[in-house]
1. How big is region 206-258 by the Kirkwood estimate over distinct Cα pairs, in Å?
2. Would you mind ranking Tyr314, Tyr225 by Cβ crowding within 10 Å, fewest neighbours first?
3. Considering only DSSP states other than H, G, I, E and B, which chymotrypsin sites (Phe, Trp or Tyr not before Pro) in region 304-363 qualify as loop sites with at most 12 other Cβ atoms within 10 Å?
4. When each pair of different Cα atoms in region 1-117 is counted once in the 1/r mean, what is the Kirkwood radius in angstroms, to one decimal?
5. At a 10 Å Cβ-Cβ cut-off, how would you order Trp286, Trp119, Trp63, fewest neighbours first?
6. Can you tell me the relative contact order of region 69-166? Whole percent, Cα pairs under 8 Å, sequence separation 6 or more.
7. I need the Debye-formula profile for region 309-356: one equal scatterer per C-alpha, no solvent, reported as log10 I(q)/I(0) at q = 0.13, 0.28 1/Å, two decimals.
8. In the chain, if every C-alpha pair distance is counted and binned at 10 Å from zero, what percent goes to each bin?
Amino acid sequence: MQFRDLHRHYEAMKAEMDEALLRVAASGAYIMGSQVAELEQQLAAYVGMKHCISCANGTDALWLALRALGLKAGDAVFVPDFTFFSTAEAPAILDLVPVFVDVDARTFNMDVNDLERKWQQACNNGLHPAAVIAVDLFGLPADYDAIVDFCSRKHLPLIEDGAQGFGGSIRGKRACSFGDIATTSFFPAKPLGCYGDGGALFTNDDRYADLLRSLRVHGKGTDKYDNVRLGLNSRLDTLQAAILQVKLRHFDDELKAVDRVAAKYSQLLAGKVQTPVVPEGYTSSWAQYTIQTPNRDDLQARLKAAGVPSMVYYPHTMSRQTAFAHLNQAPCPVADKLSRTVLSLPMHPYMTDEDIETVASLI
């Protein structure tokens with residue numbers, strides 16, 4: 001059994017994929033070929049945003065978003081304590097101060113009540129609050145009703161880290177459309193994944209869009225040899241764009257399929273372990289199906305012995321990472337507990353009922 005079966009993904013659309021790959025190979029336009037601009041238009045339309053700017057990966061996307069906001073060294077950026085490292089790494093690389101916010105025990109996403117507390121603490125400690133990065137963890141959009149309201153009251157820009165959330169929604173509004181700037185990742189195991197690294201940003205702001213297009217190509221001005229600011233070499237390969245175009249055509253069907261898998265897991269595991277919660281009006285793209293259980297390590301070992309893979313996302317919170325020890329921030333209790341109890345199960349659109357029943361029966 002595969003944790004996320006990329007082979008089945010390829011086999012399901014092999015003819016289309018092979019044709020797209022060969023077309024790029026024959027064109028010779030391997031960097032910024034026509035498929036890149038086409039994909040950006042298709043992604044913007046899918047999400048419902050005016051601009052999509054592709055880039056090399058999801059971490060670059062966060063760095064680019066922060067640069068576009070024009071924050072100053074030493075400014076405070078609020079991030080969840082329970083997330084992948086790059087959410088906090090991106091601001092830290094820019095000499096911003098990540099302030100770690102606890103998460104909701106049911107949804108795994110940023111707890112706005114703790115965000116209020118951490119904002120006040122930052123102000124009391126002489127930090128200048130400058131931005132919020134909310135994460136759509138495991139495919140579920142964060143509580144944007146509350147987060148957008150908080151950012152509006154505090155006059156803070158919002159970055160939506162939709163690296164795992166692409167395809168999710170709140171009352172029909174798609175993930176990657178909630179922030180002043182939103183980011184996503186096309187890492188192969190993500191809900192919409194390519195065959196290497198890739199990422200994108202979304203915004204309705206023309207000024208941000210222009211800045212992002214400049215920053216992703218060495219801070220270019222009128223052309224790539226007119227450099228008006230410092231940027232990155234962060235372009236999406238034509239090959240990856242062509243792959244994503246094929247996968248985007250099948251994406252809604254895959255979302256329905258993973259929703260079926262999640263529903264069956266939840267039905268079979270009810271009362272045995274704590275299963276994921278999707279609030280009313282929300283949909284998840286199920287980047288991960290993550291249970292909670294106090295005997296996590298023993299369960300994971302038993303699953304492995306039976307040939308069933310599982311993963312722990314994440315065994316260390318941001319406040320406990322060695323790289324952030326110098327910040328001396330107190331651990332967040334909910335995030336801490338989750339790091340000891342979460343376990344992600346095999347999840348992909350091509351899981352059979354037999355696969356799901358095998359995993360559930362072992363648990």
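1. About 13.1 Å, per the Kirkwood formula over Cα pairs.
2. So the ranking, lowest neighbour count to highest, is Tyr225, Tyr314.
3. Working: sites: Tyr313, Phe324, Tyr350; in loops: Tyr313, Tyr350.
Qualifying residues, ordered by number: none.
4. Working: mean 1/r = 0.0560 Å⁻¹.
This gives a value of 17.9 Å.
5. Placing the least packed residue first, the sequence is Trp119, Trp63, Trp286.
6. The normalised contact order for region 69-166 reaches 29 percent.
7. -0.45, -1.01
8. Reading the bins upward from 0: 5, 25, 32, 25, 11, 2, 0.
Where a number appears in this text, it was derived from the coordinates with a stated rule and is not lab data. For clarity, every value in this text was computed on a predicted model and none was experimentally measured. Please note: Cβ atoms are built from the backbone with ideal geometry, for glycine as well, and neighbour counts cover all protein chains shown.
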